[in-house]
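A.B. asks: Take this structure first; my questions come after.
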Amino acid sequence: MQEKIFAKGNEAVAMAAIEAGCRCYFGYPITPQSDIPEYLARELPKSGGVFMQVESEIAAINMVLGASAAGVRAMTSSSGPGISLKQEGISYMAGSELPGVIVDIMRQGPGLGGIDASQADYWQATRGGGHGGYRIIVLAPNSVQEMYDLTMLAFDLSDIYRMPAMVLADSVTGQMKESFVTKRYTAAELPEKSWAVRGRSEGTGQNVVKSLKLGDGEMEAFHWNMIKRCQELSEKESRWEEFMADDAELMVTAFGSTSRIAKTAVAAAREEGIKAGLIRPITLFPFPRKAYENLSRKCGEFLVIELSTGQMVDDVKLAVERNAAVSFYGRPPGAGSLPTPEELLEQIRKHCGGVR
Amino acid sequence: MKQVFSRPESLRDVQTHFCPGCHHGGIHRLVANSLDEFGIRDRTIGCASVGCSVFLYAYLDIDVVESPHGRAPAVATGVKRSRPDRIVFTYQGDGDLAAIGTSEIIHAANRGEGMTVIFVNNTTYGMTGGQMAPTTMPGQKTTTSPYGRDTTKDGSPFRMAELLSNLDGVAFSARVSLDTPKNVLQAKKIINMAFRYQIEERGFSFVEALSACPTNWGMPPLAANRRIGEEMIPYFPLGIFKNRDNI
């Protein structure tokens with residue numbers, strides 16, 4: 001059922017969710033993601049799914065927790081202020097080893113901030129966001145096609161690794177229209193949800209989904225197990241894209257919407273004879289550390305570009321600092337602060353003064 | 001010999017962590033009794049909350065999902081909407097339901113979710129050591145109202161069963177107590193009615209159960225039990241406030 005469609009990134013997320021078998025959506029209106037609930041309100045019931053606009057972001061994530069505990073694919077979506085409210089539920093889901101998909105179409109902050117694009121919630125997304133010390137899967141699309149593809153992937157990874165998965169985009173990727181190709185969802189090899197609470201009649205005996213762990217050593221064992229799952233995730237599921245990276249003398253790196261601008265700048269730099277390349281992480285957690293490390297053995301200088309005052313730069317440094325120097329160019333998110341390709345090209349030129 | 005008393009099958013044969021004189025154990029028993037009587041144990045999912053009620057899964061032999069503090073009605077909504085053929089109930093204390101979870105309970109009730117809510121009101125936060133709750137009585141001393149609850153500053157205790165009965169989505173709302181044998185029998189009947197509402201898909205049902213908390217009230221169990229009749233029932237009257245279909 002491949003079909004070429006011209007639609008918004010947010011709509012692609014909603015289409016992919018339905019195709020991936022999401023049965024329940026719970027949400028609360030917030031700009032710039034409202035196209036997602038609006039699309040699902042119209043389309044999800046047609047395929048027998050449940051759409052609910054509910055009283056709060058907190059209620060929405062807890063409904064995802066409930067549906068997911070019952071073994072059903074469920075999702076919610078929001079933006080900064082709403083994602084902050086959902087952190088309680090995300091922490092409980094992580095503690096209860098529950099899957100579930102959260103879409104975060106980032107806007108500026110802190111506080112009410114503004115509705116233009118931002119990448120300043122990288123830390124919140126990749127460091128867990130709530131209390132207790134945990135990680136969640138974070139996928140960072142940079143096109144409408146990837147909004148579609150990675151939403152599907154989020155459901156699978158979340159089910160396989162039994163942890164919440166977030167699709168982290170921003171108002172540029174959410175609001176822009178592009179053509180993309182839909183595809184029939186084929187599930188990965190998924191484990192049985194024998195842990196789900198569906199009533200004892202399912203023959204599993206009593207199932208309990210909980211995060212309270214009071215037994216001697218119980219919490220410690222949980223954390224070590226979570227670390228093990230995260231390592232496996234990192235080994236098997238790290239994803240990234242490289243562009244003109246093989247012979248690059250300056251490695252530009254950016255994620256999401258900013259990576260599109262950076263790619264244009266890198267291509268322009270090549271035309272000027274500057275040996276620039278690009279690496280773009282597609283999974284932010286797991287961060288594709290090995291890929292960065294490998295490139296750092298060939299390229300001694302990395303330039304991190306973000307629409308924030310610098311967050312992903314931490315992960316890049318952790319990955320490459322033994323071999324390469326890391327510098328940063330970013331602007332605080334705000335109306336008018338989205339960098340232009342020319343602006344980034346100028347940064348590349350500055351770093352490669354003698355290369356030309 | 002005719003057997004007149006036995007442990008409901010849905011209730012595990014284990015010691016509880018509840019303090020002597022606490023009514024949680026009795027309320028658990030009445031819920032277990034309903035699950036047995038209607039034969040619904042194997043298709044029931046309990047939504048535990050935060051507080052003394054969190055150990056629901058340790059005492060009831062049913063599937064249980066733990067909810068964040070106050071969010072049990074939202075979690076239960078997720079369960080029920082995704083599995084409409086299951087019986088879903090929440091079991092929540094007063095701090096959980098009437099303070100931090102006020103939004104969730106009001107909206108779940110207003111939507112008329114097909115769930116049953118068992119609300120245990122002991123006028124205090126039991127698990128955390130007896131702080132002032134939204135249902136703490138006027139003048140009642142707690143660890144955070146050492147001079148007694150001052151209604152001019154802290155407001156008056158919520159009467160949740162009455163409050164919720166005003167919502168169109170609520171099909172059944174009642175308050176019970178376990179302080180006397182007669183009241184226990186009445187509580188048993190009313191908890192059964194609440195589950196019947198759900199089984200017959202008649203809408204949202206709510207039962208508030210007054211409960212003693214001798215430890216945090218600083219009273220011996222018998223005195224705590226007496227307090228329910230002498231102080232609580234005059235403020236929190238027992239009865240059925242809504243029985244939409246007159247079952």
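Only the coordinates and a few stated rules stand behind these numbers; no lab work does. A quick note: this is a predicted structure, and the numbers were derived from the prediction, not measured. When we count neighbours, we look across all protein chains shown, and the Cβ atoms used for this are built from the backbone with ideal geometry, even at glycine.
A.B. asks: Name the GluC sites (Glu not before Pro) in the range A:289-325 that are in a loop by DSSP and that have at most 16 other C-beta atoms within 10 Å, would you?
C.D. replies: Taking the range A:289-325 and a limit of 16 other Cβ atoms within 10 Å, the loop GluC sites (Glu not before Pro) found are A:321.
A.B. asks: Okay, next question. Taking amide H positions as placed in the peptide plane 1.01 Å from N, state which residues far from residue B:88 in sequence (5 or more) or on other chains have amide H under 5 Å from it.
C.D. replies: B:45, B:116
A.B. asks: With an 8 Å Cα cut-off and a minimum separation of 6 or more residues, compute the relative contact order for the range B:104-171 in percent.
C.D. replies: Dividing the mean separation by the residue count of the range B:104-171 yields 31 percent.
A.B. asks: Okay, moving on. What is the gain in length, in nm to one decimal, between residue A:350 and residue A:297 on full extension, counting 0.36 nm per residue of separation less the C-alpha to C-alpha distance?
C.D. replies: 16.9 nm
A.B. asks: Further question: Considering only DSSP beta bridges with both partners in the range A:240-351, what is the antiparallel share in %, to the nearest 5?
C.D. replies: Among the beta bridges of the range A:240-351, antiparallel pairing accounts for roughly 25 percent.
A.B. asks: List the lysines whose alpha-carbon lies under 30 Å from that of residue A:46, not counting same-chain residues fewer than 8 positions away?
C.D. replies: Output for residue A:46: A:4, A:8, A:86, A:177, A:183, A:193, B:80.
A.B. asks: Right, something else. For the range A:19-77, what D do you get in µm² per second when you plug the Kirkwood radius from alpha-carbon pairs into Stokes-Einstein at 20 °C and 1.002 mPa s?
C.D. replies: 190
A.B. asks: Please state, to two decimals, what the Cα-based radius of gyration of the range B:24-242 comes to when divided by 2.2 N^0.38 Å (N = residues).
C.D. replies: In units of the 2.2 N^0.38 Å rule of thumb, it is 0.94.
A.B. asks: Sticking with this one: Springs between alpha-carbon atoms under 10 Å, Gaussian network over chain B: tell me which of B:112, B:51, B:139 tops the mean-square fluctuations.
C.D. replies: B:139
A.B. asks: Below 8 Å between Cα atoms, with a sequence gap of 6+, how large is the relative contact order for chain A in percent?
C.D. replies: Rounded, it is 17 percent for chain A.
A.B. asks: Same structure again: With springs connecting C-alpha atoms under 10 Å apart, model chain B as a Gaussian network and identify which of B:48, B:109, B:223 has the largest mean-square fluctuation.
C.D. replies: Result: B:223 has the largest fluctuation of those listed.
A.B. asks: Among DSSP beta bridges lying fully in the range B:24-242, give the percent that are antiparallel, nearest 5.
C.D. replies: 20
A.B. asks: Another question about this same structure. Calculate the translational D of the range A:26-162 in whole µm² s⁻¹ from Stokes-Einstein, where the hydrodynamic radius comes from the Kirkwood formula applied to all Cα pairs, the temperature is 25 °C and the viscosity 0.890 mPa s.
C.D. replies: Translational D for this selection: 163 µm²/s.
A.B. asks: Also: Taking amide H positions as placed in the peptide plane 1.01 Å from N, state which residues far from residue B:130 in sequence (5 or more) or on other chains have amide H under 5 Å from it.
C.D. replies: B:125
A.B. asks: Would you calculate a helix-derived [θ] at 222 nm for chain A, using -39,500 (n - 2.57) for each DSSP H run of n ≥ 4 and dividing by the full residue count, to the nearest 500?
C.D. replies: Helices in chain A give a 222 nm mean residue ellipticity of -12000 deg cm²/dmol.
A.B. asks: Continuing with this model, one more query. What is the distance in Å between the Cα centroid of the range A:127-195 and that of the range B:49-122?
C.D. replies: Going from one Cα centre to the other spans 29 Å.
A.B. asks: Would you compute, for the Cα atoms of the range B:25-154, the largest minus smallest coordinate along each principal axis and list the three values in descending order, in whole Å?
C.D. replies: 49, 30, 21 Å, listed from the longest principal axis down.
A.B. asks: Would you mind computing the Rg to Rh ratio of the range A:111-210 from its alpha-carbon coordinates, Kirkwood style for Rh?
C.D. replies: With Rg and the Kirkwood Rh in hand, the quotient comes to 1.07.
A.B. asks: State the percent of C-alpha pairs, over all pairs in the range A:240-351, separated by a distance greater than 18 angstrom.
C.D. replies: Tail fraction, whole percent: 41.
A.B. asks: While we're on this one: For residue B:212, enumerate residues with amide H under 5 Å from its amide H, sequence gap 5+ or separate chain, H modeled in the peptide plane.
C.D. replies: B:23
A.B. asks: Sticking with this one: Which of A:144, A:326, A:13 moves most in a GNM of chain A, Cα contacts under 10 Å?
C.D. replies: Comparing A:144, A:326, A:13 in the GNM, the peak value goes to A:326.
A.B. asks: Report for the protein assembly as shown the percent antiparallel among DSSP-assigned beta bridges with both residues inside it, nearest 5.
C.D. replies: Taking every DSSP beta bridge within the protein assembly as shown, about 25 percent pair in antiparallel fashion.
A.B. asks: Same structure, new question: Considering the convex hull of the alpha carbon atoms of the range A:287-342, report its projected area averaged over all viewing directions, in nm², one decimal.
C.D. replies: 4.2
A.B. asks: If I take all pairs of Cα atoms in chain A, what percentage of them are more than 26 Å from each other?
C.D. replies: Roughly 49 percent, rounded to a whole number.
A.B. asks: What translational diffusion coefficient, to the nearest whole µm²/s, does the protein assembly as shown have by Stokes-Einstein, given a Kirkwood radius computed over alpha-carbon pairs, a temperature of 20 °C and 1.002 mPa s viscosity?
C.D. replies: Taking Rh from Cα pairs, D becomes 83 µm²/s.
A.B. asks: Could you tell me the calculated FRET efficiency between residue A:4 and residue B:199, based on Cβ-Cβ distance and R0 = 45 angstrom, to the nearest 0.05?
C.D. replies: E(calc), rounded to 0.05, equals 0.35.
A.B. asks: Please report the net charge: other residues with Cβ closer than 13 Å to the Cβ of residue B:232, K and R +1, D and E -1.
C.D. replies: -1
A.B. asks: Given the C-alpha centroids of the range A:94-115 and the range A:27-84, what is the distance between them in whole angstrom?
C.D. replies: 12
A.B. asks: Follow-up question, since we're still on this one. Can you give the relative contact order of the range A:7-48 as a percent, counting alpha carbon pairs under 8 Å and 6+ residues apart?
C.D. replies: So the answer I get is 51 percent.
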